[in-house]
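The values are calculated or read from the model by the stated rules, or taken from the named source; none is laboratory data. Note that this is a predicted model, so its numbers are computed, not measured. All Cβ positions, glycine included, derive from the backbone under ideal geometry; neighbour counts span all protein chains shown.
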């Protein structure tokens, strides 16, 4: 009886660890599936994640930037898109310098707006626009088009599109997204293949 109780305690204490493993396996499988459909190599996908981590880590080491801005970086095939808001042009420029000086970055596209940070209501609207835009990508009817190859970022109603696409795919994607409710502008940051 004591041995059974001991095994049950060990099993119950191990369950959270096993759940973490399941999450890691599922997350790994999802990442693996994304790599299969992505036009970037697995190494480039990892580079892009590393680039963003380095940029945001450097920003977190600069309290003046954190306190006077709400900026974000997105990397796709070593091209970095900077979005968000900064109180003034010098904070915006400093964020761009950080990104441009990060190893492996080919170029930066600075779309940081000067002005107050987006409100929680605006952030919610932007999240909803991004969700609708990603769903709308599944309605693009072109041979060989895969909607998971397009990255969608929304900031104050402006939709930014990143990815490695053909000119025909880019045109079809923009046509689907530009008429969505709440979209004020579509900015292409595509790399054409």
Using the structure shown, decide if residue 12 is more than 15 Å from the chain's Cα centre (by Cα) and at pLDDT below 95.
yes
Is at least one residue of region 119-138 in contact with a helix residue (DSSP H, G or I) (Cβ under 6 Å, 6 or more places away or on another chain), part of a strand (DSSP E or B) and within 23 Å of residue 45 (Cβ to Cβ)?
no
Residue count, region 147-173 (criterion: farther than 23 Å from residue 106 by Cβ and surrounded by fewer than 20 Cβ atoms within 10 Å (Cβ to Cβ))
6
